[in-house]
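Report on the following structure.
Laboratory data are not the source of any read-out in this text; all were calculated from the coordinates shown. These numbers were taken from a predicted model, which means no experiment stands behind them. Backbone-built Cβ (ideal geometry, glycine too); neighbour counts: all protein chains shown.
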Amino acid sequence: MNAPKILSLQVLENKKLLVKFVNGVEKIYDCTQLLNLEMFQVLKNDALFKFVKVDSGGFGISWNDEADLSEYELWTNGVEVILA
């Protein structure tokens, strides 16, 4: 299955991201699970964590040249926001 591209991104508290996809679905992705991996150690710095950007074309997000996530990871492991 192909994951939809990312439309926008919002940084939330506790190392979480609200990701909106082009199909209108919004998911919350918890980045705390990444902090044990060497390439994501830089995300422990709150200032850098907030500097995340959507990559050109919506194919992922990145903090720097080493720390990034694909749209597939965010789509597959994010928790869908259900609006009441």
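What residue, of Ala3, Ala47, is of a type in the set (Gly, Ala, Ser) and touching a residue at least 12 places away in the same chain (Cβ under 8 Å)? So that I can check it myself, show each step before the final result.
Numbers: Ala47 fails: touching a residue at least 12 places away in the same chain (Cβ under 8 Å).
None of the others qualify; the one that does is Ala3.
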For this session: Filter the stretch 1-44 down to the residues that are among the aliphatic types (A, V, I, L, M) and in a loop (DSSP other than H, G, I, E, B), then identify the one that is surrounded by the most Cβ atoms within 10 Å (Cβ to Cβ).
Result: Ala3
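Taking the stretch 56-72, which residues are without any contact (Cβ under 8 Å) to a residue 40 or more places away in the chain and either closer than 16 Å to Ile28 by Cα or surrounded by 14 or more Cβ atoms within 10 Å (Cβ to Cβ) (or both)?
Here is the first cut: in the stretch 56-72, the residues without any contact (Cβ under 8 Å) to a residue 40 or more places away in the chain are 56, 62-68.
Those that are without any contact (Cβ under 8 Å) to a residue 40 or more places away in the chain and either closer than 16 Å to Ile28 by Cα or surrounded by 14 or more Cβ atoms within 10 Å (Cβ to Cβ) (or both): Ser62, Trp63, Ala67, Asp68.
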Exercise. When the stretch 45-84 is examined, which residues are found to be in a loop (DSSP other than H, G, I, E, B), among the hydrophobic types (A, V, I, L, M, F, W, C) and touching an Asp or Glu at 6+ places or on another chain (Cβ under 8 Å)?
Worked result: Phe59, Val81
Exercise. Is there any pair with a first residue in the stretch 12-28 that is in contact (Cβ under 8 Å) with a residue 12 or more places away in the chain and a second that is surrounded by fewer than 12 Cβ atoms within 10 Å (Cβ to Cβ) and part of a strand (DSSP E or B) whose Cβ atoms are under 8 Å apart and which are 6 or more apart or on different chains, and what are they?
Worked result: Val25/Glu80; Glu26/Glu80; Lys27/Val79; Lys27/Glu80; Ile28/Val79
